[in-house]
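Just below is one structure, and these are the notes that go with it.
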Amino acid sequence: MHEKLFLDDSPIKKEKDDLLGRGEFSKKIGQTILSMNVENGLCIGIFGPWGSGKTSILNMILEEVVSCESDKDATHIILTFNPWNYSSEEQLIHQFFYMLANRFASSKEVLINGIGTAIKKYAETAEKIASLTQLNLLSLVTNISETASKIASNGSILNDEDLALQREGIIDRLAKLKQKVIIVIDDIDRLPNSQIRLIFQLVNSVAKFPNTIYVLAFDRAIVANALSGIQESDGNRFLEKIVQVPIEIPAIREDSLNKILFAKLDELRKIYNFEIDRDHWPAVYKACLNGQLKTLREINRLFNTLHAKCIVSGNELNFVDLVGLTLIENKFPELYYWIRTNKGCLTRKKKYWLNVSKNSKMIIEENRKNILQLFPERGEIYCEMLNVLFPYWAQNDSVTSDMLFRWKRIGNSQFFDRYFCLQLAKDEIPRITIENVLFNMDMQELTDFLNGVNNNYSGKYFLDELRSVAEELEDDRKLLIAKALIRKAELFDDNDKARHQLFELPLFLEVQFGIQNLLRNIREENAVFRLLQDEIENANINTIRIVSHILNSIEITYSRQDEYGKSLITEEHLLCCKQCYSDKVRILAQSTDLLEVTDVRLILYLFEKFDSKGFEQYIQNELQDKLQILKILQTFVIEAVGSDGKISWAYDKGYSRFLSEEQITDAYTECLKNGRFWTLSNEMQLKIIVFDLWTMEQRNWMGYVPDELIHKRRDELKNNYNVK
C-alpha cells in the first residue's frame, strides 16, 4: 500500500535536492577546481566515512563545475570511473584507459579527439607488450623505465613509437588543452585491498598529466589501512604523496538531521493513525535517539525498518516505544537481543516473579548490575534506554500496568511479544550575537536577549548553540546563563503546538536540558548548590515550574548518578534543596493559587514527596472550596493527539486519593449553578467537562473522550445556564 515510501540510499544529483546544507560547501570546491593551476596535474581527496554523503557531494561539485563554465564551446572533460564494475586488475586497467580514450574521442575538436586516439594506442601497445613478455600491465603503465630492459631482453618488437614516446605525446597534447580533465573515482573504500592499492598506483602513474585533476572519494581510515606496506611506509604517508588537496566532509548539523527525522516519523504517524503520548516521547528521544543518528543513511535505515514493522503491525503498538526499540535494533543489536530474551524482569510478568524468592527491587538492581557487566562500554547508556522503555525496570511505581496497557507500551507483558513479531534555520541568530550572549552579556543584557528570542525557532537555535559550547564556557558564565534561563524559562513555553512537528521536543524541555547541561559541566559542586538554593528561595509563580523540573531530574538521577558519571549536588545539599523547596511552595500557596500554575501536578508531587504533612494540610485547605476541588481534579487529565491532529482526553484515577466521585459531582453541580465554574480558564473548563463525559462512558475504544464532544458539551452547558 505504501511501498513507495521506503527510502533508498541513492545520492542526490542536484544541489536543489540537498537537505543537509552541503550545497554551499560543494559549490566552493567546484569553484576551487576551476580556479586551480594544474599544469602538472592534481589529486583531490574527499574524505568521509560510509554514509556521510560523499557521492552526493561529488554530484554537486560536478554540477557547479558545469554551471560555471565560461566558454560553452570549451567545456571541461569529465570522466566518472566506477571501479566496482571490474573483477580483475587487468580488466580494471584496460577499462580505465579505454573509457578515458573514448571520452576524448567523442569530441569533434581535433586536439581532443587526437588525445583520445593517442590514449587508445598507448593502452593497446601496453597490452600487447604485456601479452608478449608476460609482464604485469600495471608495471608497464606505471614504471616504463624499469621495465624497458625486460622488454628488450624478451626481444619484443615495438611499433615506430615505443611506450615512453607515446606517453610523452599524450602529455604534450594535454598541455595544449584550454579545458581541464576531471576524473572522478568514487567508492574506492568499498573495493578489496588489492584493488584499492591498484587504483592509487594507477592514479600515481598518470596524476602528473597536465591539466588533469583527479577527485577521489573514500573513507580515509579504510584506504590508509589498505595502502599500508606499499613502498615500506604506512598508509597515511603513502596517501599524502598522492593526494595533494585533502578535504574532510563537514559533519552534518544535528538540527538538520533532526528536522528530517521528525518529518519522517510524523509521516508514518499520519499514515498509520498513531496516537502519541506527548509526555513519553521526550524521554524516549533523549535516552534512545538523541545523538545516535549521525548520517542520513542511518535515518533512512531507521525509517525503512520502522515502516516495515508498521506495515505488519498497523497501529497496534505504541509508536514512541516502537521508534525507540527500532533504533536499538539497528544501532545496538546486542541490547535488542537481550531485551527480547528478558521479558520477565522488564515487564514484571507474574509467572516470572512467582519463580523467584527475592523481592522485585533486588532483582531489578541485580539485573542492572548485570547490564553493566555484560556491556561495560555502553552499560550506562543501555540502562537509560531500558529505564524509559520499561518503567518497572526503572522502579517507577507511578506508571501502572493499566496505563501501560492503555498505551500499548512494550513495558506491558501483554504487548511485549508483539514488538518482536513482526542548512541553517531561516531565522538563525547571527554568529556575532551568539558569541556576545555566550561570552560577554551581563545579567540584564541576557534577560533582554531572552525576552527577544522568546518562543520560536531562533530560540531553538540558541539552545543548540549553547549545548555545543557548554564545556568551553568559564564556570561563572555557565552559572550566569543558567540563572538567566531559569528566570526566563516560561518565555520558551510552546502553547501553539500546531506550529511545530509533533515529534519535535517542546522548547521548555530544551531549556531544562540546557540548564542541566550547564550545571553538569561546572567543576565546583558548591557553586551549583548555591545557584539552585538561591533560585528556589527566590522562585515565584513564573519560575517555580522550571525549578521543579530541575529538582525532580536531580532527585530521579541522584541514586544512580547521571549519564556523565556524577550527581550535580551532594546528598546533603539535595536534602537542603528539598527543605527549601517545601518552604517555598508553602509560601507561594499562601499568596497565590498554585492550582493555576502550569505543571502544578509535578509541583504537588514534589511537595508531597518532600513534605507529606505540609502537602496533606494544603490539600485539606483546598478541599474546603468547591471550585478548588475542580481545579485539583483537572490536574489528573491525560491528553492525547491523534494522527489527524485532533485531541482526546481521559483521566488518571489517581484523583481518587483525594476526591470521591460524590465530592466531584457536588462541586461541579454547585459551581455550575452559582456561575463560579465560568470564572475558570477555558482550558480548565474543558478538562473538568472531560470528567463529566468520561464518567458517562462517552469515550472512544481507547478510553478517551474526543475533543469535539467536550466542546459540544460546554456549548450545551452555556446554553443551559445562560452563559454568553
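The values are calculated or read from the model by the stated rules, or taken from the named source; none is laboratory data. Just so we're clear, the structure is a prediction, and the values are computed from it rather than from any experiment. Cβ atoms come from the backbone with ideal geometry, glycine included; neighbour counts cover every protein chain shown.
Here are a few things to note about the model shown:
- Unmet requirement for Thr592, which otherwise passes all of (1) among the polar types (S, T, N, Q); (2) surrounded by 13 or more Cβ atoms within 10 Å (Cβ to Cβ); (3) not assigned by TED's automatic domain parsing to the domain that holds Leu532: (3)
- Contact annotation: residue pairs with Cβ atoms under 7 Å, 6 or more positions apart or on different chains, pairing a residue in segment 696-723 that is basic (Lys, Arg) with a partner that is not in a loop (DSSP other than H, G, I, E, B), are Arg699/Val705; Arg713/Ile689; Arg713/Asp692; Arg713/Leu693; Arg714/Gln685; Arg714/Leu686; Arg714/Ile689.
- Per this entry, Lys613 is not counted among residues that are under 25 Å from Asp279 (Cα atoms) and at pLDDT 85 or above.
- Pick from segment 86-118, criterion aromatic (Phe, Trp, Tyr) and within 25 Å of Gln179 (Cβ to Cβ), ranking: surrounded by the most Cβ atoms within 10 Å (Cβ to Cβ): Phe104
- Filtering segment 23-73 to residues that are under 27 Å from the mean Cα position of the chain (by Cα), surrounded by 18 or more Cβ atoms within 10 Å (Cβ to Cβ) and not β-branched (Val, Ile, Thr) leaves Gly23, Ser26, Lys27, Phe47, Gly48, Ser52, Gly53, Lys54, Ser56, Leu58, Asn59, Met60.
- Scanning segment 413-454 for residues that are at pLDDT below 85 and in a loop (DSSP other than H, G, I, E, B) returns Cys421, Leu422, Gln423, Leu424, Ala425, Lys426, Asp427, Glu428, Ile429, Pro430, Asn454.
- Filter result for the condition that a residue is on the phi > 0 side of the Ramachandran plot and touching a helix residue (DSSP H, G or I) at 6+ places or on another chain (Cβ under 8 Å), over Gly314, Gly291: Gly291
- Single condition Gln292 does not satisfy, out of (1) out of contact with any Gly (no Cβ under 8 Å at 6 or more places or on another chain); (2) buried (at least 20 other Cβ atoms within 10 Å of the Cβ): (2)
- Options Glu662, Glu670; residue that is out of contact with any strand residue (DSSP E or B) (no Cβ under 7 Å at 6 or more places or on another chain) and exposed (fewer than 12 other Cβ atoms within 10 Å of the Cβ): Glu662
- Residues located in segment 114-130, provided they are of a type in the set (Ser, Thr, Tyr) and under 53 Å from the mean Cα position of the chain (by Cα): Thr117, Tyr122
- Where helices (runs of 4 or more DSSP H) fall entirely within segment 607-724, those with at least 1 residues that are acidic (Asp, Glu) and within 30 Å of His573 (Cβ to Cβ) are at 612-622.
- Of all residues in segment 303-350, those being in a helix (DSSP H, G or I) and either touching a strand residue (DSSP E or B) at 6+ places or on another chain (Cβ under 9 Å) or of a type in the set (A, V, I, L, M, F, W, C) (or both) number 18.
- Selection over segment 490-532 of residues that are at pLDDT below 90, under 20 Å from Leu450 (Cα atoms) and either in the same structural domain as Ile569 (by TED's automatic domain parsing) or over 22 Å from the mean Cα position of the chain (by Cα) (or both) gives a count of 5.
- Any chance Ala251 is within 27 Å of Gly53 (Cα to Cα), in a loop (DSSP other than H, G, I, E, B) and of a type outside the set (D, E, K, R): yes
- Flag if Tyr655 is farther than 22 Å from Glu596 by Cβ, of a type outside the set (S, T, N, Q) and modelled with pLDDT under 90: no
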